[in-house]
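Have a look at the structure below before the remarks.
The values are calculated or read from the model by the stated rules, or taken from the named source; none is laboratory data. Since we're looking at a predicted model, the values are computed, not measured. As a convention, Cβ positions derive from the backbone with ideal geometry for all residues, glycine included, and neighbour counts pool all protein chains shown. Just so you know, the surface numbers come from the protein's heavy atoms only, side chains and all, with ligands and any DNA or RNA stripped out. Shrake-Rupley method; radii C 1.70, N 1.55, O 1.52, S 1.80 Å.
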Amino acid sequence: MGRQLLLEHINKPGIRGLEAYRANGGYRSVEKALKTMSPEAVLEEVKKSGLRGRGGAGFPAGMKWSFLAKPEGVPRHLVVNADESEPGTFKDRYLMERIPHLLIEGIIPSCFAMGVNTAYIYIRGEYFYVARILEQAIGEARAAGWLGRNILGSGFDLDVHVHVGAGAYICGEETALLESLEGKRGNPRIKPPFPAVKGLWQRPTVVNNVETICAVVPIVNDGGEEYAKIGIGKSTGTKLISASGHIKKPGVYEIELGVPVEEFINSDEYCGGISGGRPLKACIPGGSSVPILPAELIYRTAKFETRLMTYESLSDGGFQTGSMLGSGGFYVFNDTACIVRATWNHSRFYHHESCGQCSPCREGTGWMEKILYRFEHGLARTDDIDLLWDVQRRIEGNTICPFGDAAAWPVAASIRHFRHEFEYHATHPTKVKDPKHCEKEPIPFPERSYAG
Amino acid sequence: MERSTTNHTGIKPFAFSEQGLAECRAIMARYPEQFRKSALIPILHVAQSEHDGWLSVPVMNTVADLLGIQYIEVYEVATFYSMFHLHPVGKHVLEVCHTAPCMLRGSDDLIEHIGKRLGIKPGETTKDGLFTLKAAECLGSCGSAPMLQCGAKYHEHLTIEKVDQLIEELGSKAERSNYTDHLDTPAGNGTTASA
Ligand SMILES: Cc1cc2nc3c(=O)[nH]c(=O)nc-3n(C[C@H](O)[C@H](O)[C@H](O)COP(=O)(O)O)c2cc1C
Ligand code: SF4
Ligand code: FES
């Protein structure tokens, strides 16, 4: 087992409460930052750590913080992104539900570094019960003097509020999230201006994922350099992976970045192997928005290098033969899964969740869903594959926010790697009317090579 | 996503309970005075719980008046978010996740089973008004699939037997299941996000 910086204490009895949390070393980072460090020094440690945003895009956290505008007399805000709606991702819920004080602790040195006095945690509405857990923990922290006025006599004031959403995937996109937090529909904003300049209520704002902010705790405690020793290259530290699908042990795992994908899937420490004793068929390593990888490209890259759980290795080969680490929503398909059905399922999701502002996204997601419905139900022809390809191609890059790309990429990757399954659906209409056809008779893998 | 606000069965006037109003005021205090519209979504949750789990036009108008904003500003928000119901719903809304990771672990069979047992399709409510079946998108519980949400509670690692038992239990439960419920278990939801 690698180092556990976030989950080390997660199974300790009573860790949800302040007393047990404190007894296990909780809030040390606040004492250290507020009593012995300057805001600039905290920022410096986060920069040195190489910590990258854990919400999906992997943008360096220290750099984002240093972009925060500081006009005279205008309050700034930190907004924690706890919207967690990317299919396949459930790590933030695990953290907030089990060890809520870790997030609250992380918020304090983060706000101290950025000169923020009011932070909001925007949590998806479905996690209402988690919001209650957070509110209770905030109450405890405030009563104990970790939040409020003049924390630890440092002169630093901080309030933290929880804000519940109401069911909309797009509110995970940071500018849609800010609109939603202002009491509006979750329509992403045109950028620039970026939130660091004009964010919540037009004030300078940093939006960070729950896990990113939690990682600030070990970074302040042990120093950025110590944190950066874990991992490989620009993928430093540990990452929570939400593992699900056809594996023996679904769950949230904290890995040191750099674990080989093969080990992650098969080792008993992690996923424990493919369920049902079946062969591995495909894997989506970073949430539904990232390209699917076929069996041949999961353990090894097209260059026959070992594929590692890092930002770089998972994207090796670009979209032709690679994917992305994304949010770490890692789901695995064995050969009983139908890729056409899964792709239809994803496109239904994106059609349902499009905010509707841009025509390519609003209309394109609807078209993709319709065409994929036809494939899944044995109503499509082989040349509809090209039609589908054409529709997805016209969305990417033509929209206000990256949701459009996120809707198009999974469709493109499915066609790229599993065209034979689409052909099978077009040519076996009676067979594929049974949604369980792959369980009964898996579609044969074609002979092919990605080398070169 | 529901888009219609024109449900004229909801002509009953609406007023918050005293406790509900206190909750709304506490929510409003979280935001600067001049930006109190920010309280809209959290307040709509309170309102929905106080109005049998759905938002009628009078409910939305009451919320608008409380926040001092235009009615349309409430309608446009209420129609955008999937957790706001614009039509009457059953006492217990069973929201079964059917997104890919749950599908891989049998959510389609679960939806089919519940539908047959209750005699309804996703989106419909039983005649006795007890249950609404909804197919939901990823609820952040893929590692415990298949799963469903009912009110605040996540029911995970479901099997046909477990879901049958759940329907029995809910059928005889006195209170409605609301998102805003306080879960009584000391372990919160007692969920098992990890193996
Ligand atoms: C469609 C869409 C959905 C997103 N959903 C989430 C989400 O649920 N949680 C999250 O932390 N970031 C999400 N993001 C990324 C955020 O926009 C933003 O990059 C992130 O919160 C920044 O935090 P980080 O730098 O700490 O990762 C989403 C982005 C897009 C385009
Ligand atoms: S790309 Fe889609 S989700 Fe994003 S702003 Fe445009 S319509 Fe909305
Ligand atoms: S796919 Fe069902 S909870 Fe995520």
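Looking only at the stretch A:253-268, residues that are open to solvent by less than 10 Å² (accessible area, probe 1.4 Å) and either among the basic types (Lys, Arg) or over 16 Å from A:Gly237 (Cα atoms) (or both) come to 3 in all. Screening the stretch B:123-174 for residues that are free of Cβ contacts under 8 Å to residues at least 24 places away in the same chain and within 14 Å of chain A (Cβ to nearest Cβ) and picking the one that is farthest from ligand 2 (Cβ to nearest atom) gives B:His155. Residue count for the stretch B:131-175 under the criterion of being buried (at least 17 other Cβ atoms within 10 Å of the Cβ) and part of a loop (DSSP other than H, G, I, E, B): the result is 12. For the stretch A:63-93, filtering for residues that are under 24 Å from A:Ile232 (Cα atoms) and in contact (Cβ under 8 Å) with a residue 24 or more places away in the chain leaves 5. Among the residues of this structure, B:Ala47 does not count as one that is modelled with pLDDT of 95 or more, open to solvent by less than 10 Å² (accessible area, probe 1.4 Å), part of a helix (DSSP H, G or I) and at the interface with chain A (Cβ under 9 Å from one of its Cβ atoms). Only a single item in (1) open to solvent by less than 10 Å² (accessible area, probe 1.4 Å); (2) within 11 Å of another protein chain (Cβ to nearest Cβ); (3) in a helix (DSSP H, G or I) is not met by A:Pro109, and it is number (2).
Conditions (1) within 16 Å of ligand 3 (Cβ to nearest atom); (2) among the small types (Gly, Ala, Ser); (3) within 14 Å of chain B (Cβ to nearest Cβ); (4) surrounded by fewer than 23 Cβ atoms within 10 Å (Cβ to Cβ), marked per residue:
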residue: A:Ser347; (1), (2), (3), (4): yes, yes, yes, no
residue: A:Glu396; (1), (2), (3), (4): no, no, no, yes
residue: A:Pro410; (1), (2), (3), (4): yes, no, yes, no
residue: A:Tyr424; (1), (2), (3), (4): no, no, no, yes
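Of A:Ile385, A:Ile400, A:Ile443, all but one fail to be surrounded by 18 or more Cβ atoms within 10 Å (Cβ to Cβ) and touching a Cys at 6+ places or on another chain (Cβ under 7 Å); the exception is A:Ile400.
Of everything listed in (1) open to solvent by 20 Å² or more (accessible area, probe 1.4 Å); (2) over 19 Å from A:Leu293 (Cα atoms), the single unmet condition for A:His420 is (2). There is at least one residue in the stretch A:236-244 that is of a type in the set (Ser, Thr, Tyr), within 13 Å of chain B (Cβ to nearest Cβ) and within 16 Å of ligand 3 (Cβ to nearest atom). The set of residues from the stretch A:112-137 being part of a helix (DSSP H, G or I), β-branched (Val, Ile, Thr) and under 21 Å from A:Pro218 (Cβ atoms) is empty. B:Ala78 fulfils the conditions (1) touching a residue at least 12 places away in the same chain (Cβ under 8 Å); (2) closer than 30 Å to A:Gly276 by Cα except for a single criterion, (2).
Residues that are open to solvent by less than 10 Å² (accessible area, probe 1.4 Å) and touching a Leu at 6+ places or on another chain (Cβ under 8 Å) number at least 1 in the following helices (runs of 4 or more DSSP H) confined to the stretch A:4-79: A:28-36, A:61-66. Within the set B:Val63, B:Val96, the sole residue that is in a helix (DSSP H, G or I) and either modelled with pLDDT under 95 or within 14 Å of another protein chain (Cβ to nearest Cβ) (or both) turns out to be B:Val63. Within the stretch A:123-138, the set of residues being more than 9 Å from chain B (Cβ to nearest Cβ) and either without any contact (Cβ under 8 Å) to a residue 12 or more places away in the chain or more than 25 Å from B:Cys102 (Cα to Cα) (or both) comprises A:Leu134, A:Glu135, A:Gln136, A:Ala137, A:Ile138. If you go through the stretch B:6-35 and keep only what is over 20 Å from the mean Cα position of the chain (by Cα), in a helix (DSSP H, G or I) and at pLDDT below 95, you end up with just B:His8.
Condition first: within 11 Å of chain A (Cβ to nearest Cβ), surrounded by fewer than 23 Cβ atoms within 10 Å (Cβ to Cβ) and β-branched (Val, Ile, Thr). Can you find one or more residues in the stretch B:70-80 that meet it? Checked the stretch B:70-80: at least one residue is within 11 Å of chain A (Cβ to nearest Cβ), surrounded by fewer than 23 Cβ atoms within 10 Å (Cβ to Cβ) and β-branched (Val, Ile, Thr).
Scanning the stretch A:327-337 for residues that are open to solvent by less than 10 Å² (accessible area, probe 1.4 Å) and more than 15 Å from ligand 3 (Cβ to nearest atom) turns up just one, A:Asn334. If you check A:Glu369, A:Glu423, A:Glu439, A:Glu363 for being of a type in the set (D, E, K, R), part of a helix (DSSP H, G or I) and modelled with pLDDT under 95, only one passes: A:Glu439.
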